[in-house]
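Please read the structure below before turning to the comments.
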Amino acid sequence: MLGTLIKHEFKKTWIIMTLICAVTIVLGILGGIFFKLTIDPDFSSEANEFILAFGIIGFAMILSALSMATTIYLVVHYYRSLYSSQGYLSFTLPVSITEVVSSRVIIGFTWSLLVSLSMGLALFAAVGIPGGLAYVKEFYDELISTVEVSQVYKVMILCVFAIIFRSFATLMTYFFCISIGQLWGKHKILGAVLCYFATSFVLMIFSFGFNYRMFFSPDAFTGLDSFEYLATTLVKTIVYSVVTIAIFYGAAIFTSNKQLNLD
């Protein structure tokens, strides 16, 4: 039954989310063309540097806006599909509350992953079209001349997983706060907002404590030790994110099962 719920959620969200993914990739292609024309010596002018800087800032801001739009849409969908009148109908289906909540979480994680992939493709296009990959290769060749290739690949893979799981943890934090907000009776939105600020503060303290050595180790950023320490820090980030996801997911399930209030 969980599979059926996921398919239903996918049908309800695929139009908006596919549009965001498509716009993101097209933006990357257009950005790459813009940067190529701006950097090309045949189109050089005194205003080139300003135009290029403006383009980079604009590109970054639009990508950030699309990322924010994704999060807002998924969070609003989570709320409406669980704790509004629409959610009431969901909880009257002959399925467990755990399956209902899980379907929303899974579809949220899936779209978050696809949007992250789209942004990666957009950045690749923006860098690759104007020929920036040559500079990336030059940097890579210089890097592997001082660091083992296995270390480079290890950090790259860990970095990808850290970004993915960190985005999942952030999304799950919003879902958790919305679920806890339902305990506030007539002030559910206020409860969710206050829960978010309190949760963010607590997570900031735990995150700082989890990675405190990075700020106090005198050898953290020297030579090969810094590269190895970066890999260790990324592993800690992944573990921290997975634990956060698990705790908040369990709390959201527990709240919906034991304290559900759709009044």
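The values are calculated or read from the model by the stated rules, or taken from the named source; none is laboratory data. All values derive from a computational prediction rather than experimental measurement. When we count neighbours, we look across all protein chains shown, and the Cβ atoms used for this are built from the backbone with ideal geometry, even at glycine.
A few remarks follow.
- Residues in segment 1-11 that are surrounded by 15 or more Cβ atoms within 10 Å (Cβ to Cβ) and over 13 Å from VAL100 (Cα atoms): PHE10 alone.
- Out of LEU123, LEU117, LEU158, one residue alone is under 30 Å from TYR73 (Cα atoms), outside the structural domain of TYR73 (by TED's automatic domain parsing) and surrounded by 14 or more Cβ atoms within 10 Å (Cβ to Cβ). It is LEU158.
- Residue check for SER102: surrounded by fewer than 16 Cβ atoms within 10 Å (Cβ to Cβ), under 21 Å from SER256 (Cα atoms), outside the structural domain of ALA192 (by TED's automatic domain parsing) and of a type in the set (Gly, Ala, Ser): no
- Among all residues of segment 34-56, there is none that is at pLDDT 85 or above, assigned by TED's automatic domain parsing to the domain that holds THR110 and of a type in the set (Lys, Arg).
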